[in-house]
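Just below is one structure, and these are the notes that go with it.
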Amino acid sequence: MTDPLITAAREARQRARASFSHFKVGAALETTDGLIVTGCNIENATYGLTLCAERVAVFKAISEGHDSFRRIAVVADTEAPTPPCGPCRQILWEFAGDIEVILANLTEEKGRYRLSELLPLPFDARFLGKK
Ligand code: THU
């Protein structure tokens with residue numbers, strides 16, 4: 001049976017605005033209460049203002065009052081798994097901590113990782129004496 005978080009990420013991917021790269025990505029972030037908040041990549045004619053699917057999901061969730069997460073699924077139409085980019089790993093670490101990261105394509109699950117495997121030795125608020 002397909003993990004509902006992957007299904008949600010696949011659905012969100014269909015809403016991607018990827019007119020420039022044509023590379024659509026969907027993400028689904030699960031709160032510790034079991035709620036799912038989705039995101040898709042949103043590109044822009046200036047390119048640099050593009051938002052990745054993962055960050056859209058994180059910022060939507062934070063702005064809606066959620067602050068505790070357990071998993072994120074990321075879906076792209078690629079044979080090899082599409083992992084979160086470096087900036088998304090940093091944002092995920094700072095706002096979601098060491099969550100499980102599930103990578104999938106349109107038909108298959110491709111892998112499960114802890115975020116700490118994808119971002120070893122992270123910089124975060126602890127170094128600023130804020131946590
Ligand atoms: N992208 C994501 O949304 N998430 C990833 O994990 C990798 C890259 C987007 C950014 C851009 O819109 C497109 O994919 C190509 O880089």
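Only the coordinates and a few stated rules stand behind these numbers; no lab work does. The model shown is predicted, which means the values in this text are computed figures rather than measured ones. Here Cβ is always computed from backbone atoms with ideal geometry, including for glycine, and neighbour counts include all displayed protein chains.
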Sparse-neighbourhood loop sites, trypsin sites (Lys or Arg not before Pro) in segment 1-88 - DSSP loop, at most 16 other Cβ within 10 angstrom: Arg15
Which of Leu103, Gln14, Gly48, positive extreme of dipole for the chain (C-beta unit charges): Gly48
The long-range amide H neighbours of Val25, using H built 1.01 Å from N in the peptide plane and a cut-off of under 5 Å, are Asn41
Roughly how many Å is it from the Cα centre of segment 92-128 to that of segment 61-91, as a whole number? 7 Å
Using DSSP loop states and a limit of at most 15 other Cβ atoms within 10 Å to flag chymotrypsin sites (Phe, Trp or Tyr not before Pro), what is the longest stretch of the chain containing no flagged site? 48-122
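Can you check what the net charge comes to around Thr31, using other residues whose Cβ is under 12 Å from the Cβ of Thr31 (Lys, Arg +1; Asp, Glu -1)? Let's see the in-between values first.
On the way: positive: Lys60, Arg70, Arg71; negative: Glu30, Asp33, Glu64, Asp67.
Taking every other residue near Thr31 into account, the sum is -1.
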Could you give the nm distance between label points at Thr46 and Ser68, where each point is 7 Å from its Cα heading toward the beta carbon? 3.8 nm
Segment Leu128-His22, extension gain: residue separation times 0.36 nm, minus the distance between their alpha carbons: 34.3 nm
What distance in nm lies between label points placed 7 Å from Cα along the C-beta direction at Asp98 and Lys60? 2.8 nm
At most 14 other Cβ atoms within 10 Å and a DSSP loop assignment: could you name the GluC sites (Glu not before Pro) in segment 1-96 that fit? Glu64, Glu79
Local electrostatic count at Leu51 - Lys and Arg +1, Asp and Glu -1, tallied over other residues with Cβ under 12 Å: +1
Would you mind checking which residues have amide H under 5 Å from Thr38's amide H? H placed 1.01 Å from N; only 5 or more apart, or other chain. Leu29
